[in-house]
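The values are calculated or read from the model by the stated rules, or taken from the named source; none is laboratory data. Keep in mind that this is a model prediction, so the values were computed, not measured. Here the Cβ is made from the backbone with ideal geometry for all residues, glycine too, and neighbour counts use every protein chain on show.
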Amino acid sequence: MRIGAGWKFVCAGIAAAIILTALLWGPGLYRSTMNAKYCALAWKLSQDGSDQAALAAAERAAAMRPDHDKAWHLKGLILLKLGRPEEAVEALEQAVRHGPDNGRAWRDKGSALAMLNRDQEALGAYQSATRCRPERADAWYGKGVILRRLGRPGEALAALHRATDLAPEYREAWQAETLVLAELGRDEETVAAAHRALGLAPRSAVLWCEKAIALAKLGRYDEALTAFDTSTQLNPRHARSWSGLASLNLEMGRDLPALAAAGEAIKLDADDAFSWYVKAAALCRTGQPEPALTALRRAVSLDDTYREKARRDSSTHFSKLEGTDAFRQLVRW
């Protein structure tokens, strides 16, 4: 059957449209398809631990579609995994430039900047992450950690509260919240937060230590002793636990245990003025004024504020020294 001239014209038009569509959309469709394939390959390789190959695949994905935020995000994550945070920041900057509402990319950019101690920039990234994805507990956690590092504990606590509200089983957030509460001197809340955190991480010496310090400040000495004992058993090399235990023993009039604990703390951290001060007080109270003076000199050399503290504590801790010229000269009495 012969096709009429009209139909030939129609068929020619359809063919031209198909060719034009292929010319206009073909390359874009090809690049999008290959971008998706390389992203999937990069993710699988990274999950399998083949990070160098994963990085190569992510780079191909980004090359196929330079405006694809997820490809750049994936590249940044792999670079972080490889321990290359500077390059990760560059990739993640591309991710958020092309995907300004990509909350996860903002969060991971914050993490990379935090690794580089670029804390103010990291805070900006985490703020963008919480604006984009306010339901993500990990973004609030990162923001809280950075705010604490920047010396803004009140704001840090608010961010960490948000994290634990969103994810009540978020162990790291509870631990960070405990530390911030301790820094703020909110002892009852510190004990409560530590109790919650220890329910999730019962073998954390740091948490047991902070709980013990707060309990001691609240006058709950027996509970504090138990918590310090747990902390030092879990991690015998945690200097803060030993110095806290030394201070508590001194407060309870247990001078020999205080001296022993202070000695352990100093072995682990010879530049901790507080441990030297407790050792000096324990030595003096156990009838060893000369070694006490040596230890007190060391404390003062590390932190000059212990001169005034020694003056205040002269009758309780340094009664065997307070009448001597050496003591008076040291504390500038």
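Does the stretch 38-80 hold any residues that are crowded, with 22+ Cβ neighbours inside 10 Å, within 28 Å of the chain's Cα centre (by Cα) and within 20 Å of PRO100 (Cβ to Cβ), and which are they?
Within the stretch 38-80, ALA71, TRP72, HIS73, LEU74, LYS75, GLY76, LEU77 qualify.
Out of all the residues in the stretch 33-65, which are under 23 Å from SER111 (Cα atoms) and not in a helix (DSSP H, G or I)?
Listed by number, the residues that qualify are ASP48, GLY49, SER50.
The rows are residues; the columns are (1) in contact with a His (Cβ under 9 Å, 6 or more places away or on another chain); (2) crowded, with 24+ Cβ neighbours inside 10 Å; (3) modelled with pLDDT of 95 or more; (4) of a type outside the set (A, V, I, L, M).
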| residue | (1), (2), (3), (4) |
| --- | --- |
| ARG220 | no, no, yes, yes |
| LEU225 | no, no, yes, no |
| HIS238 | no, no, yes, yes |
| LEU245 | no, yes, yes, no |
| ASN249 | no, no, yes, yes |
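Select from the stretch 114-132 the residues that are out of contact with any Lys or Arg (no Cβ under 7 Å at 6 or more places or on another chain), more than 12 Å from VAL89 (Cβ to Cβ) and of a type in the set (D, E, K, R) and list them in ascending order.
ARG131
Of everything in the stretch 136-148, what is over 10 Å from the mean Cα position of the chain (by Cα) and among the aromatic types (Phe, Trp, Tyr)? Give them in sequence order.
TRP140
Please work out which one of (1) within 14 Å of the chain's Cα centre (by Cα); (2) surrounded by fewer than 17 Cβ atoms within 10 Å (Cβ to Cβ); (3) within 15 Å of GLU210 (Cβ to Cβ); (4) not charged (D, E, K, R) is the condition GLY151 fails and give its number.
The single condition GLY151 does not satisfy is (3).
Identify, please: which residue in the stretch 188-206 is surrounded by fewer than 18 Cβ atoms within 10 Å (Cβ to Cβ) and out of contact with any helix residue (DSSP H, G or I) (no Cβ under 6 Å at 6 or more places or on another chain) and is, among those, farthest from GLY244 (Cα to Cα)?
Checked the stretch 188-206; the qualifying residue farthest from GLY244 (Cα to Cα) is GLY199.
Are there any pairs, at least 6 apart or on different chains, whose C-beta atoms fall under 8 Å, with the first in the stretch 268-291 and in contact (Cβ under 8 Å) with a residue 12 or more places away in the chain and small (Gly, Ala, Ser) and the second part of a loop (DSSP other than H, G, I, E, B) and surrounded by fewer than 20 Cβ atoms within 10 Å (Cβ to Cβ), and if so, which?
Between residues of the stretch 268-291 that are in contact (Cβ under 8 Å) with a residue 12 or more places away in the chain and small (Gly, Ala, Ser) and residues that are part of a loop (DSSP other than H, G, I, E, B) and surrounded by fewer than 20 Cβ atoms within 10 Å (Cβ to Cβ), the close pairs are ALA273/ASP303; SER275/ASP269; ALA281/ASP313; GLY287/LYS320.
Across the stretch 294-333, what is the number of residues that are in contact (Cβ under 8 Å) with a residue 24 or more places away in the chain and part of a loop (DSSP other than H, G, I, E, B)?
Adding up the residues that qualify gives 8.
Going by the conditions given, is ARG171 surrounded by fewer than 24 Cβ atoms within 10 Å (Cβ to Cβ), closer than 12 Å to LEU123 by Cα and at pLDDT 95 or above?
Taking the combined requirement at face value, the residue does not satisfy it.
If you check LEU283 against the conditions, is it closer than 24 Å to SER241 by Cβ, at pLDDT 95 or above, of a type in the set (A, V, I, L, M) and in a helix (DSSP H, G or I)?
yes
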